[in-house]
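S.K.: Below is the structure I would like to discuss, written out as structure tokens.
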Amino acid sequence: MLTPEKNRLLTQVGPGTPMGELLRRYWMPIGGASELDKNPIKPIRLMGEDLVLYKDQGGRFGLLDRHCPHRRADLSYGFVEETGIRCNYHGWLMDETGRCIEQPYDDIVNPHSRAKERCATKAYPVKECAGLLWTYMGPQPIPELPVWEPFTWENGFREIVLSDVPCNWFQCQENSCDPVHFEWMHENWSLRLSGKAGPYAGKHLKLKFEEFDYGFIYKRVRENSDERNPYWTVGRIALWPNGFYLGNHFEWRVPVDDENTLSVAWFFMRVPKGREPYVQDAVPTWVSPIKDENGRWITSHVINQDIIAWVGQGPIADRSKEHIGASDLGIVMIRKRLFDDLDAIAQGRDPKAIIRNSNVAKCVELPYFQKNESVEGIPLEDYEKYPLLKARLKAFRHCYGQPPEVRRAFEQAMGIGQ
């Protein structure tokens, strides 16, 4: 249970708020680069700020204040040029640094004026990595962008899935350090969706949580398993500060504002051995619906099931009314760590998991118990031996609404359904 004041510290993300200033010290994934292939301009809201994301004709990405510094017109209705984005109202042109580089009429009547130098707009750097677009919204010096080791894996089919979640980021992230929910939220729920009344999935018997450089690892032992099982020896990772890592995929919960979150998921599937080399031209990005045509939450897919739990707590969970139990040890740990990080930045120190060394950042290894299958590959016929791989061949079970063209591309890469 938290006091209302401590709950506000964890959940408020706007400019100038303690948590907002903490989260701005990390590179955040904000979408897929492929989103801008058809339409190079996208309005976006991040941590309470209205911005415009674009890719100019020179291939540079920019993230600027959504409103033109001239008369505050909406730049999401502008157009890109070889360098920068031009406002459709009076033609002012801004580059990716926020610098105003053209003021059409003013440039004619006052060709020697230095007024443009006073008209810079808010801008944040954008980098592409693994098909994802990342931005940094915090103070200088800018930390290194971590290249997580799975981003370097070759011969794999990748896809990016986005969802707009109407609740605060932290109730989404707490899910990442809550292993018992898997038993009920996913396995038993899916059992009921199939029309079966039982038996229920194996109960959790033992939990363990470990902090490491880049987050927290949770481990579990369940009925019908022992301490030799991979979930106990390796576990799952609550990636700091707002991610989740499960080996073949990542999830991030990126704050839009205090009451909305952008879920960004990145998936990798190694092509079968013998189909190398496989080179993916572009990583597809698609948006997963979270409600059906009747306005009901979609319950059939894993992340959609999680979303139901998150939004069911309300736009901002009232943690002063909760009753924490033994299964919530990981929740308590990450809350304490966030409060410690708030103290760290108040004292001028880096929070957890900031990387300043470029050699470290270029390939950051994380534990994963099926790494060999993902890196070296296995024959297609051996996929039957691995429940998760077998299920992925049959359907995309994590997010609802995978587009047919993405499924076709996946099947072609895997050599199935042809």
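S.K.: Output yes when any residue across region 6-26 is out of contact with any His (no Cβ under 7 Å at 6 or more places or on another chain), open to solvent by less than 20 Å² (accessible area, probe 1.4 Å) and polar (S, T, N, Q), and no when none is.
M.R.: yes
S.K.: Follow-up question, since we're still on this one. Restricting the search to region 155-175, which residues are under 18 Å from ILE290 (Cβ atoms) and of a type in the set (S, T, N, Q)?
M.R.: SER163, ASN168, GLN171, GLN173, ASN175, listed by residue number.
S.K.: For region 370-418, give me each residue that is within 15 Å of GLU276 (Cβ to Cβ), in a helix (DSSP H, G or I), open to solvent by 30 Å² or more (accessible area, probe 1.4 Å) and touching a residue at least 12 places away in the same chain (Cβ under 8 Å).
M.R.: Those that are within 15 Å of GLU276 (Cβ to Cβ), in a helix (DSSP H, G or I), open to solvent by 30 Å² or more (accessible area, probe 1.4 Å) and touching a residue at least 12 places away in the same chain (Cβ under 8 Å): GLU373, VAL375, LEU380.
S.K.: If you don't mind, there's one more thing I want to ask. Could you give me the residue pairs with C-beta distances under 8 Å whose first residue belongs to region 95-115 and is within 22 Å of GLY59 (Cα to Cα), whose second residue is open to solvent by less than 90 Å² (accessible area, probe 1.4 Å) and of a type in the set (Val, Ile, Thr) wherever it lies, and which are 6+ apart or on separate chains?
M.R.: Once the first residue is within 22 Å of GLY59 (Cα to Cα) and sits in region 95-115, its partners that are open to solvent by less than 90 Å² (accessible area, probe 1.4 Å) and of a type in the set (Val, Ile, Thr) give ASP95/THR83; ASP95/ILE101; GLU96/VAL126; GLY98/THR121; CYS100/THR121; ILE101/THR83.
S.K.: Going by the conditions given, is TYR200 farther than 24 Å from VAL364 by Cβ and aromatic (Phe, Trp, Tyr)?
M.R.: When the stated conditions are applied, TYR200 passes them.
S.K.: Considering only strands (runs of 3 or more DSSP E) fully contained in region 219-299, which possess at least 2 residues that are among the acidic types (Asp, Glu), under 22 Å from the mean Cα position of the chain (by Cα) and under 22 Å from LEU338 (Cβ atoms)?
M.R.: On the way: elements: 236-239, 243-245, 249-257, 260-270, 285-287.
Fully inside region 219-299 and qualifying: 249-257.
S.K.: Sort out which residues of region 53-66 are open to solvent by 20 Å² or more (accessible area, probe 1.4 Å), part of a strand (DSSP E or B) and without any contact (Cβ under 8 Å) to a residue 40 or more places away in the chain, and write them in order of number.
M.R.: Just the residues of region 53-66 that are open to solvent by 20 Å² or more (accessible area, probe 1.4 Å), to begin with: 55, 57-61, 65-66.
Among the residues that remain, those that are also part of a strand (DSSP E or B) are: 55, 61, 65.
The one that is open to solvent by 20 Å² or more (accessible area, probe 1.4 Å), part of a strand (DSSP E or B) and without any contact (Cβ under 8 Å) to a residue 40 or more places away in the chain: LYS55.
S.K.: Moving on to the next point. Only one of these conditions is not met by LYS336: (1) among the basic types (Lys, Arg); (2) touching a residue at least 40 places away in the same chain (Cβ under 8 Å); (3) out of contact with any Pro (no Cβ under 7 Å at 6 or more places or on another chain). Which number is it?
M.R.: Single failed check for LYS336: (2).
S.K.: Applying the selection to region 1-52, what residues are part of a strand (DSSP E or B), over 17 Å from the mean Cα position of the chain (by Cα) and in contact (Cβ under 8 Å) with a residue 40 or more places away in the chain?
M.R.: Residues satisfying the conditions are ILE41, GLU49, LEU51.
S.K.: Of LYS203, LYS196, which residue is surrounded by fewer than 17 Cβ atoms within 10 Å (Cβ to Cβ), more than 20 Å from SER263 (Cβ to Cβ) and touching a strand residue (DSSP E or B) at 6+ places or on another chain (Cβ under 9 Å)?
M.R.: When all the criteria are applied, what remains is LYS203.
S.K.: Oh, and also: So which residues in region 149-164 are among the aromatic types (Phe, Trp, Tyr) and crowded, with 20+ Cβ neighbours inside 10 Å, if there are any at all?
M.R.: PHE157
S.K.: Moving on. Looking only at region 324-369, which residues are under 19 Å from LYS219 (Cα atoms), open to solvent by less than 20 Å² (accessible area, probe 1.4 Å) and not in a helix (DSSP H, G or I)?
M.R.: The one that is under 19 Å from LYS219 (Cα atoms), open to solvent by less than 20 Å² (accessible area, probe 1.4 Å) and not in a helix (DSSP H, G or I): LEU366.
S.K.: Within region 82-89, is even one residue charged (D, E, K, R) and surrounded by fewer than 16 Cβ atoms within 10 Å (Cβ to Cβ)?
M.R.: yes
S.K.: Sticking with this one: Hey, among SER300, SER288, which residue is of a type in the set (Ser, Thr, Tyr), buried (at least 16 other Cβ atoms within 10 Å of the Cβ) and within 26 Å of SER194 (Cα to Cα)?
M.R.: From the options SER300, SER288, the qualifying one is SER288.
S.K.: Assuming ASP95 fulfils every condition listed in (1) farther than 24 Å from VAL287 by Cα; (2) surrounded by fewer than 19 Cβ atoms within 10 Å (Cβ to Cβ) apart from one, which condition is it?
M.R.: (2)
S.K.: For residues that are within 19 Å of ASN357 (Cα to Cα), more than 13 Å from the chain's Cα centre (by Cα) and buried (at least 16 other Cβ atoms within 10 Å of the Cβ), tally how many sit in region 129-147. Break it down stepwise before answering.
M.R.: Taking region 129-147 as the starting set, the residues that turn out to be within 19 Å of ASN357 (Cα to Cα) are 129, 134-136, 138-147.
From what's left, more than 13 Å from the chain's Cα centre (by Cα): 136, 138-147.
Then keep just the ones that are buried (at least 16 other Cβ atoms within 10 Å of the Cβ); that gives 136, 138, 143-147.
Residues in region 129-147 being within 19 Å of ASN357 (Cα to Cα), more than 13 Å from the chain's Cα centre (by Cα) and buried (at least 16 other Cβ atoms within 10 Å of the Cβ): 7 in total.
The values are calculated or read from the model by the stated rules, or taken from the named source; none is laboratory data. The structure presented is a predicted model; accordingly, all values stated were derived computationally and were not measured. Ideal geometry is used to build each Cβ from the backbone, glycine not excepted, and the neighbour counts take in all protein chains shown. Side chains are part of the model used for accessible areas, which takes the heavy atoms of the whole protein and leaves out ligands, DNA and RNA. Shrake-Rupley method; radii C 1.70, N 1.55, O 1.52, S 1.80 Å.
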